[in-house]
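Chemist: Here it is, the structure, as structure tokens.
The values are calculated or read from the model by the stated rules, or taken from the named source; none is laboratory data. Note that the structure is predicted; figures quoted are calculated from it, not measured. Positions of Cβ are backbone-derived with ideal geometry, glycine not excepted, and every protein chain shown enters the neighbour counts.
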Amino acid sequence: MWVRRKAIIVNFSVEEANKGVGQYQPALLTLYNPEAIARYYSYRPWLAWGRLLRIISSFAGFILSLKWDEWQDKVEQNKGKRAIQLRELLTRLGPTFIKVGQALSTRPDLIRKDFLEELIKLQDQLPPFDNAIAYKIIETELDSPIHESFSELSPSPVAAASLGQVYRGRLISGEEVAVKVQRPNLRPTLTRDLYLLRWAASWLAPWLPLNLGHDLTLIVDEFGTKLFEEIDYINEGRNAEKFASNFRNDPQVRVPGIYWRYTNTHVLTLEWIDGFKLTDTKRIREAGLDPEAIIQIGVTSGLQQLLEHGFFHADPHPGNLFAVPDGRMAYIDFGMMDQLEETTKETLVDALVHLVNKDYTDLAEDFVKLGFLTPDTNICPIVPALEAVLGNAIGKNVKDFNFKTITDEFSELMYEYPFRVPAKFALIIRSLVTQEGIALSLNPDFKIVEVGYPYIARRLLTGESPELRRRLLNVLFKDGKFQWQRLENLIAIARTDNNFDVLPTAQMGFQFLISEEGKFLRRQLVLALTEDDRLHTEDVQRLWNLVKDDLKPDRLLNVAIGILTDLSREGAAAILPKATFLASFAGNQSTNNN
């Protein structure tokens, strides 16, 4: 890369530019580097002056409108109008600010509720750029004329967004493909806007009533890092392949293949998938597809991404999800993805279970572990606030729960208590709220818990990992006592999942019970069965009534024979004394009754 200063020409490589060595051309920067960007514009401030004036004038008019409402005592009356004005303003300012608006739509700690609700509607759409320019980019990136790579290529894009546009085509070898082309001069535009945003964040942070727990510039840097990842089409191709690998054994989820020979940093060529947008309920039904089944696939695959794979699609808007004519659901656009650590996945399961069981003290501790609260936060005043807000959101019936309500209610807490939204969870919130909104468009009566919690219950009941078993025990025991009602609820909820089978779960549970690991559980079950000096046969009877239809005698006999065959002498010795004790206790109870 060539940089001219005082008539001296210095050569810097792309790698050096990424490290912030010297000055660089923004078009060559492949990784977000705020120091390097600041260095470049500090030598060329005039390149940002015009853009800065446009941004200031746009926001000045908006701020004056807000102040005018205050002076005229019309704040409440004009709330909706101002929210729409903000959305339109961000759209006019172009790609960076469209992405800023989308990011803010999941940050109740940064923006007020009425603005947040309007920014959720922000569409990632801009008019397409010139087709001749797009074709030239394709030829330059692939280093060959169009006709040598494609036998067909649509004369105009089939979709245009803030970062690029998509053409439908056919390779010389015959495969039908989608060709994604990045907007020209996108990196220089983004780097300039990110430089100005970071500068504004450093100046405005002391004056803004925000409770972030860290510098506002860090939020800009997190945003910039994700944005640079999104505009790297090689990175997007890798994301698609990783996502496909995670769902390789799932016959209900389809992911397009990547044609690497025709892919570069600015051009991505992938398999074309025919399908219907999930919001197009009419065409979905006309194709003979069941919207409820599509919802089931979407919610379950979303939970799998978060709680099993830890690698999730952070932008599942209606344009990126399709119902395929064969009944599957297809994901496209893998630019915005994120990864969760194992401990985060486990804590998310804990938090969902604690929320459903209304264990608000444990839930507050989960928020600390997830980074919503700092470790030194006193959770005592927060617990009743969580109970008041989330209790109202959930209602008397857990099936009334929905993420949109939770997000709205939670935004109120942000201003009263030291909550903050970690960047990773801003993406998760966006993903969940978007998927719930899509599901509601297919079925206005949709309740996410009716699909989601059975999946979590099934995961807890059938999980073979030590961590999932520990979490199941945490659910079943409270204050050292076995919670029969929770076990009944888990089984009842899990049975609403068509993929759940009671018998293998019971078999696995019994094998765990007689193992060395199950020693604690055996002891606690005996105590639970004999609590208050009586045998709790009614609890066992309720459980049996719940599962007896699934435990047919022939299936039960086959499983029992298998368990007895595998049962070691040590395993038998571990449970026989307990069984003998229960039998003698039951006999004593019978004698006393006589």
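Chemist: Of the residues in region 358-370, how many are outside any helix (DSSP H, G or I) and either acidic (Asp, Glu) or surrounded by 18 or more Cβ atoms within 10 Å (Cβ to Cβ) (or both)?
Modeler: Number of matching residues: 1.
Chemist: Failed condition for TRP199, given (1) at pLDDT 90 or above; (2) surrounded by 18 or more Cβ atoms within 10 Å (Cβ to Cβ); (3) not polar (S, T, N, Q), with all others met?
Modeler: (2)
Chemist: Is it the case that ILE438 is β-branched (Val, Ile, Thr), under 15 Å from the mean Cα position of the chain (by Cα), on the phi < 0 side of the Ramachandran plot and at pLDDT 80 or above?
Modeler: Spelling it out, ILE438 is indeed β-branched (Val, Ile, Thr), under 15 Å from the mean Cα position of the chain (by Cα), on the phi < 0 side of the Ramachandran plot and at pLDDT 80 or above.
Chemist: Oh, and also: Being surrounded by fewer than 17 Cβ atoms within 10 Å (Cβ to Cβ), hydrophobic (A, V, I, L, M, F, W, C) and either outside any helix (DSSP H, G or I) or touching a residue at least 24 places away in the same chain (Cβ under 8 Å) (or both) is the filter here, so list the residues in region 218-232 that pass it.
Modeler: Scanning region 218-232 gives no hits.
Chemist: Filter region 233-248 for residues that are assigned to a helix (DSSP H, G or I) and aromatic (Phe, Trp, Tyr); which is farthest from the chain's Cα centre (by Cα)?
Modeler: Restricting to residues being assigned to a helix (DSSP H, G or I) and aromatic (Phe, Trp, Tyr), the top hit is TYR233.
Chemist: Residues that are surrounded by fewer than 21 Cβ atoms within 10 Å (Cβ to Cβ), of a type in the set (Lys, Arg) and not assigned by TED's automatic domain parsing to the domain that holds PHE403: list the strands (runs of 3 or more DSSP E) wholly contained in region 286-353 that include at least 3 such residues.
Modeler: Result: empty, no element qualifies.
Chemist: Right, next: Looking only at region 26-61, filter to residues that are in a helix (DSSP H, G or I) and among the basic types (Lys, Arg); which one of those is surrounded by the most Cβ atoms within 10 Å (Cβ to Cβ)?
Modeler: Checked region 26-61; the qualifying residue surrounded by the most Cβ atoms within 10 Å (Cβ to Cβ) is ARG51.
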